[in-house]
Ligand SMILES: Cc1ncc(COP(=O)(O)O)c(C=O)c1O
Ligand SMILES: Nc1c(O)cccc1C(=O)C[C@H](N)C(=O)O
């Protein structure tokens, strides 16, 4: 048995989160794609069956009250809140990340007020963020300034209304300095809008502590809510009374069943609601979030760093020199919960890895992406993934 495999087994034996794996539906596959679609928590199928058969099938319309359907967006928001460092009443669940980005960005420009007519956006961002920022800029009469996150401080000026950044970059896995960038944005008088898709559920975020103005995130990655599960919107407490959503709907009205022609926004984060929530997906997410009941996010972060450290070490040991190059920073303070390896022929290489039971993903043009979800990935999985990668890249051994 190799020295690394012996170490992997020791690390698994002392892993305080190891038992969590049993709360997920998994097989022999090494699943390193939870940064795209989280695995299925075992509690979800029965809950969904109950929602469909009893809540919808038997109770029908009564479930809006009796099964708590109407208040689900705020209730589930409160469940996500501690994972991203927010107090209750700051987060509302619903719609997609893309839609929430639109609400947050236009809302931020409206909060920034007169004279501020620029939106700064991460030029390396996940595409949807860039598209939404461009449209939000056009609709609000702002100019869009795409810059790299490192260039943000020098791009800020008295004209900046809002800055949209990713906490963790989807391609490289780089973790950006949310406290420092938020402070710099505030020093210029602008609002900070953060996309937490690749950090929520993988590491502490500290939204309230760092005074983040608005934030959005998806729930189908590290929060394991399921394909297309609803996203969320965070609105800082002292902005809530002035938050002017560009998508006001009857669900965010102060008196939804008053059916009034005039719009009066509800108080609190539920101002971020729009129309009828997607109850089946939302209640699947609620069941999925139960795995977090006894898990501190700090423990998840510690294991995540140990997993990515160990993966980088195994890759350095097993993979022939020069075949891959890590795009993910070595420094813990700059690393999310994934490792991105640049590799020639990355598409076919990932295809072969998947055929051999190691599932990561390929990102155009040359990136192998491996996501490490500490709730269900172990150290022996990591060793196996690096070993199979090495065999895949060394035809004589593969
Ligand atoms: C950073 C980031 N933002 C947004 C999205 C997607 O948003 P939506 O759920 O609206 O497709 C993703 C992933 O798909 C993402 O990685
Ligand atoms: N949302 C996705 C989907 O509907 C299909 C396939 C992949 C996704 C993803 O989430 C991709 C992911 N955001 C990424 O980081 O590349």
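What residue, of 180, 200, is more than 12 Å from ligand 2 (Cβ to nearest atom), in a loop (DSSP other than H, G, I, E, B) and closer than 24 Å to residue 302 by Cβ?
200
Wholly within the range 118-171, which strands (runs of 3 or more DSSP E) include no fewer than the required count, namely at least 1 residues that are at pLDDT 95 or above, within 16 Å of ligand 2 (Cβ to nearest atom) and out of contact with any helix residue (DSSP H, G or I) (no Cβ under 6 Å at 6 or more places or on another chain)?
Result: 160-166.
Please go through the range 98-112 and give me each residue that is buried (at least 24 other Cβ atoms within 10 Å of the Cβ) and within 16 Å of ligand 2 (Cβ to nearest atom), ordered by number.
100, 101
Do we have residue 272 as closer than 30 Å to residue 375 by Cβ, away from ligand 2 (no atom under 16 Å from the Cβ), modelled with pLDDT of 95 or more and out of contact with any strand residue (DSSP E or B) (no Cβ under 6 Å at 6 or more places or on another chain) here?
When the stated conditions are applied, residue 272 does not pass them.
Here is a list: 205, 193, 235. Which entry is within 15 Å of residue 177 (Cβ to Cβ) and either modelled with pLDDT under 95 or away from ligand 2 (no atom under 16 Å from the Cβ) (or both)?
Working: 193 fails: within 15 Å of residue 177 (Cβ to Cβ); 235 fails: within 15 Å of residue 177 (Cβ to Cβ).
Step by step, each of 205, 193, 235 is checked, and only 205 is within 15 Å of residue 177 (Cβ to Cβ) and either modelled with pLDDT under 95 or away from ligand 2 (no atom under 16 Å from the Cβ) (or both).
Here are 23, 9, 28: which of them is touching a residue at least 40 places away in the same chain (Cβ under 8 Å), touching a strand residue (DSSP E or B) at 6+ places or on another chain (Cβ under 9 Å) and outside the structural domain of residue 219 (by TED's automatic domain parsing)? Break it down stepwise before answering.
Details: 9 fails: touching a strand residue (DSSP E or B) at 6+ places or on another chain (Cβ under 9 Å); 28 fails: touching a strand residue (DSSP E or B) at 6+ places or on another chain (Cβ under 9 Å).
Only one candidate qualifies: 23.
Which of the residues spanning the range 302-327 are out of contact with any helix residue (DSSP H, G or I) (no Cβ under 7 Å at 6 or more places or on another chain) and buried (at least 18 other Cβ atoms within 10 Å of the Cβ)?
The answer is 303, 304, 308, 312, 327.
Being out of contact with any helix residue (DSSP H, G or I) (no Cβ under 7 Å at 6 or more places or on another chain), over 23 Å from residue 203 (Cβ atoms) and surrounded by 16 or more Cβ atoms within 10 Å (Cβ to Cβ): is that true of residue 248 here?
yes
Return the residues of the range 33-46 that are within 23 Å of the chain's Cα centre (by Cα) and away from ligand 1 (no atom under 16 Å from the Cβ); say none if nothing qualifies. Give the steps one after another, and end with the answer.
Taking the range 33-46 and keeping what is within 23 Å of the chain's Cα centre (by Cα), we get 33-45.
Residues satisfying the conditions are 39, 40, 41, 42, 43, 44, 45.
Please identify the pairs in which a residue from the range 192-203 that is over 17 Å from residue 37 (Cα atoms) has its Cβ atom under 6 Å from the Cβ atom of a residue that is part of a loop (DSSP other than H, G, I, E, B) and at pLDDT 95 or above, counting only partners at least 6 apart or on another chain.
Sorted first by the residue in the range 192-203, then by its partner, the pairs are 192/212; 192/213; 194/167; 194/212.
Take the residues in the range 11-21 that are assigned to a helix (DSSP H, G or I) and loosely packed, with under 11 Cβ neighbours inside 10 Å; name whichever of them is farthest from ligand 2 (Cβ to nearest atom).
So the residue we want is 13.
Any idea which residue in the range 136-161 is nearest to the chain's Cα centre (by Cα), counting only those that are within 16 Å of ligand 1 (Cβ to nearest atom) and surrounded by 14 or more Cβ atoms within 10 Å (Cβ to Cβ)?
149
Output yes when any residue across the range 216-232 is closer than 21 Å to residue 43 by Cβ, within 11 Å of the chain's Cα centre (by Cα) and part of a strand (DSSP E or B), and no when none is.
There is at least one residue in the range 216-232 that is closer than 21 Å to residue 43 by Cβ, within 11 Å of the chain's Cα centre (by Cα) and part of a strand (DSSP E or B).
Which residues, counting only those in the range 215-269, are within 16 Å of ligand 1 (Cβ to nearest atom) and free of Cβ contacts under 8 Å to residues at least 60 places away in the same chain?
Passing the criteria: only 229.
Within the range 340-383, track down each residue that is more than 24 Å from residue 174 (Cα to Cα) and touching a strand residue (DSSP E or B) at 6+ places or on another chain (Cβ under 7 Å).
Scanning the range 340-383 gives a single hit, 357.
Residue-wise test of (1) touching a strand residue (DSSP E or B) at 6+ places or on another chain (Cβ under 7 Å); (2) farther than 25 Å from residue 202 by Cβ; (3) free of Cβ contacts under 8 Å to residues at least 40 places away in the same chain.
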residue	(1), (2), (3)
122	yes, no, no
144	yes, yes, yes
152	yes, no, yes
164	yes, no, no
168	yes, no, no
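Please verify whether the range 53-71 includes one or more residues that are surrounded by fewer than 22 Cβ atoms within 10 Å (Cβ to Cβ) and in contact with a strand residue (DSSP E or B) (Cβ under 9 Å, 6 or more places away or on another chain).
No: the range 53-71 contains no residue that is surrounded by fewer than 22 Cβ atoms within 10 Å (Cβ to Cβ) and in contact with a strand residue (DSSP E or B) (Cβ under 9 Å, 6 or more places away or on another chain).
State which residue pairs qualify: first residue under 24 Å from residue 343 (Cβ atoms) and inside the range 171-190, second residue part of a loop (DSSP other than H, G, I, E, B) and away from ligand 2 (no atom under 16 Å from the Cβ) in any location, beta carbons under 8 Å apart, and separation of 6 or more residues or different chains.
Close Cβ pairs (under 8 Å, with a partner that is part of a loop (DSSP other than H, G, I, E, B) and away from ligand 2 (no atom under 16 Å from the Cβ)) amount to 172/329; 173/329; 174/329; 175/329.
The values are calculated or read from the model by the stated rules, or taken from the named source; none is laboratory data. None of these values were measured; they are calculated from a predicted model. In this analysis, Cβ positions are derived from the backbone assuming ideal geometry, glycine residues included, and neighbour counts consider all displayed protein chains.
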